[in-house]
Amino acid sequence: MVSDITKELDNGEVDAWIKLARTLSHEIMNNIAPITTLSQVISAYFIRNSNPIDIKDLDSKTIHNTVKGLKVIEERSLGLMNFVDNYRKFTKLPIPKLTPINLSILIDNSLVAASTFPDFGTIKLEKSIPENLMVISDENLLSLVIINLLKNASEALILANTENPNIILKLRQSNTTTRIEIANNGPHIAPEIREQIFIPFFTTKENGSGVGLSLSKQIMLKMNGDILLSSIKDKHTTFTILLN
């Protein structure tokens, strides 16, 4: 039985790495392909019969297209550099510094930071937070996770033009676990998306990096916690931070 469980875990780990490799290759190819194609096109502007053209044969259209192509190459190169930088951040997480913190105050401060997000003020916010609830955690890292989840909830509501958008923030504590629930009434997240949503660089956003949720998940795991996701159609999508 132990062997079967180990095999299942190994298969799950392999599957996760396969998904990560696919996501990495997809993102890299999205940037490399236009760079390669445009380099070939621009090179063809200046070569005739395997020899460079004479400068007097240059016309304004060729110069314009060259500048335009180089601009796209620059943008895609910067995009690739940003992608690599995000990967570096993901693989070099700081070691958590666990200390007693007032979670109630931390959440209030995180909400102040979230209030700067575009159109956050148009969202109805409901809170259920007991006063002076103390936990052992890394204040900076936990704050980063909470703010990121608030940002994701806000963006989901705004991008979908959700009618009467609202975010519900609840804090629950048992003998061994503290739960921070951040729910929103935005679009339902389909099961096939939920399976991949914490995979590094996976994103459904047009300009998303796919780093925020996976980074938040890794941070919580490093602090012996976790992040769970549930999404009920026509009700709420809830991200739950677990602090043990």
The chain: relative contact order from alpha carbon pairs under 8 Å, six or more residues apart, as a whole percent, is 17 percent
Nearest-0.05 FRET efficiency for Thr37 and Lys233 at R0 = 41 Å, using Cβ-Cβ distance, is 0.50
Expected sort for His188, His236, His64 with the fewest Cβ neighbours (10 Å cutoff) up front is His64, His188, His236
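Could you work out how much longer the chain between Thr66 and Ser25 gets when fully extended? Use 0.36 nm per residue separation minus the Cα distance between them, nm to one decimal.
On the way: separation 41, 0.36 × 41 = 14.76 nm, distance 2.79 nm.
Between Thr66 and Ser25, full extension yields an extra 12.0 nm.
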Largest fluctuation, Asn184, Asn102, Asn175 only, Gaussian network model of the chain with Cα springs under 10 angstrom, belongs to Asn175
Counted neighbours (other Cβ, 10 Å), sorted fewest up, put Ile63, Ile101 in the order Ile63, Ile101
Debye calc, one equal point scatterer per Cα of segment 99-243, no solvent, log10 I(q)/I(0) at q = 0.11, 0.12, 0.13, 0.16 1/Å comes to -0.38, -0.46, -0.54, -0.85
Residue-ordered couplings for segment 170-179, obtained by feeding phi - 60° into the Karplus form 6.51 cos²θ - 1.76 cosθ + 1.60 and rounding to whole Hz (Gly and Pro as x), are 10, 10, 10, 9, 10, 5, 10, 9, 10, 10
Under the helix-only model (-39500 (n - 2.57) for each DSSP H run of 4 or more, divided by the residues of the chain), the mean residue ellipticity at 222 nm, to 500 deg cm²/dmol, is -17500 deg cm²/dmol
The extension gain from Leu58 to Ala160, computed as 0.36 nm times the residue separation minus the Cα-Cα distance, is 31.9 nm
With the charge dipole of the chain built from beta-carbon charges (+1 for Lys and Arg, -1 for Asp and Glu) about the Cα centre, the Cα from Ile199, Met223, Pro96 projecting farthest to the positive end belongs to Pro96
Long-range amide H partners of His188, meaning residues 5 or more apart or on another chain whose placed amide H is closer than 5 Å, are Asp234
Of the listed links Lys170/Lys233; Lys97/Lys222; Lys151/Lys217, those spanning more than 18 angstrom between alpha carbons are Lys170/Lys233
Rounded to 0.05, the calculated FRET efficiency for the beta carbons of Lys222 and Leu125 at R₀ = 25 Å is 0.30
If the chain between Tyr45 and Ser174 were fully extended at 0.36 nm per residue, the gain over the current Cα-Cα distance would be 39.5 nm
If every Lys and Arg gets +1 and every Asp and Glu gets -1 at its Cβ, then about the Cα centre segment 130-244 yields a dipole, in debye to the nearest 20, of 160 debye
TM-like helix rule applied to the chain (DSSP H, alpha carbon span at least 20 Å on the long axis, mean Kyte-Doolittle at least -0.5) gives 2-45, 60-91, 139-159
Fewest to most Cβ atoms within 10 Å: Val67, Val145 sort as Val67, Val145
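Just so you know, all these numbers are worked out from the coordinates, no wet-lab data involved. None of the values given here were measured: they were computed from a predicted structure. A quick note on method: Cβ atoms are made from the backbone with ideal geometry, for glycine too, and the neighbour counts reach across all protein chains shown.
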